[in-house]
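In what follows, a structure is listed as structure tokens, so that the remarks can point back to it.
The values are calculated or read from the model by the stated rules, or taken from the named source; none is laboratory data. Predicted model, so just to flag it, every value in this text is computed and none were measured. Cβ placement follows ideal geometry from the backbone for every residue including glycine, while neighbour counts extend to all protein chains displayed. These accessible areas exclude ligands, DNA and RNA; they are computed on the full protein's heavy atoms, side chains included. Shrake-Rupley method; radii C 1.70, N 1.55, O 1.52, S 1.80 Å.
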Amino acid sequence: ITARVHGVERDRAQVKRRERSYALADALVAATSSRDVIAAVVEHGAAAMNAAGCVVALRSADGSSIELLGTDGMPPDVADEWKRYSIGAPTPLSYVARTGSPLFLESAADWHRHFPELSGLADSVGHQANAVIPLVVGGQSIGALGMAFEHAHHFSDDERAFAITLGRQCALALARARLL
């Protein structure tokens with residue numbers, strides 16, 4: 001019975017994710033500028049993953065820095081402090097933007113293990129888990145999409161795949177908006 005209940009809960013979560021991803025897809029199709037794309041992702045990205053917040057960060061033209069262009073669920077003073085910083089900084093967003101590899105921090109212990117310099121900051125803003133996904137266009141990482149969770153969170157294979165799909169959608173919409 002327990003397995004059946006977990007199966008039903010998983011199916012409901014997938015249906016809810018799918019519905020929220022449709023809302024994001026609709027908003028991305030309607031977006032005609034990079035600013036519109038970023039606003040759509042910030043508005044719908046966290047909801048699609050049932051996250052507490054969302055951030056979109058893009059690499060500078062010369063690739064030396066990363067800039068937060070859209071945030072939700074991040075205290076304004078933290079967003080201002082981290083508005084623009086070196087791509088080499090020890091942060092999840094810069095790591096993902098540099099490497100083009102997704103990063104899933106599932107707990108405060110993961111934060112401390114991978115980014116000890118920032119684990120206190122993550123605690124202070126109330127983020128225990130994060131999914132950080134590269135934004136890749138034409139094989140090049142142009143930035144990262146981050147989603148924050150208030151509690152420790154184990155990311156299932158389905159959630160990981162879904163987050164990566166959101167990152168692809170965002171990157172493609174940004175590329176399309178630049179062409180427009």
Please tell me the relative contact order of the chain in percent, rounded to the nearest whole number, where contacts are Cα pairs under 8 Å and at least six residues apart.
22
Given labels modelled 7 Å from the Cα in the Cβ direction, how far is it in nm from Lys83 to Asp11?
5.0
Ser101/Ala61 FRET efficiency (R0 30 Å; Cβ-Cβ; nearest 0.05)
0.85
Gained length - Glu43 relative to Val29, 0.36 nm times residue gap less alpha-carbon distance:
3.6 nm
Quick one: Debye curve from the C-alpha atoms of the range 1-73, no solvent, what's log10 I(q)/I(0) at q = 0.12, 0.26, 0.28 Å⁻¹?
-0.44, -1.10, -1.16
Would you kindly work out the equivalent ellipsoid of the range 100-161 from its C-alpha gyration tensor and give its semi-axes, the square roots of five times the eigenvalues, largest first in whole Å?
22, 14, 9
Determine, from the Cβ-Cβ distance of Asp158 and Asp36 and an R0 of 25 Å, the FRET efficiency 1/(1 + (r/R0)^6), rounded to the nearest 0.05.
0.30
Given the whole protein assembly as supplied and a 1.4 Å probe, what does the accessible area of Asp80 come to in Å², nearest 10?
110
Using a 1.4 Å probe and ignoring any ligands, DNA or RNA, find the accessible area of His127 and quote it in Å² to the nearest 10.
30
Quick check: at a probe of 1.4 Å, how many percent of the accessible area of the range 92-180 sits on carbon and sulfur atoms?
54
Over the alpha carbons of the range 23-171, what is the largest minus smallest coordinate on each principal axis, giving the biggest first in Å?
39, 34, 29
Charges only on Cβ, +1 for Lys and Arg, -1 for Asp and Glu: so what's the dipole of the range 52-144 about the Cα centre, in debye to the nearest 20?
300
On average, how much accessible surface per residue is there in the chain, in Å², for a 1.4 Å probe, leaving out ligands, DNA and RNA?
52
Roll a 1.4 angstrom probe over the protein heavy atoms and tell me the percent of accessible area of the range 1-43 that is carbon or sulfur.
54
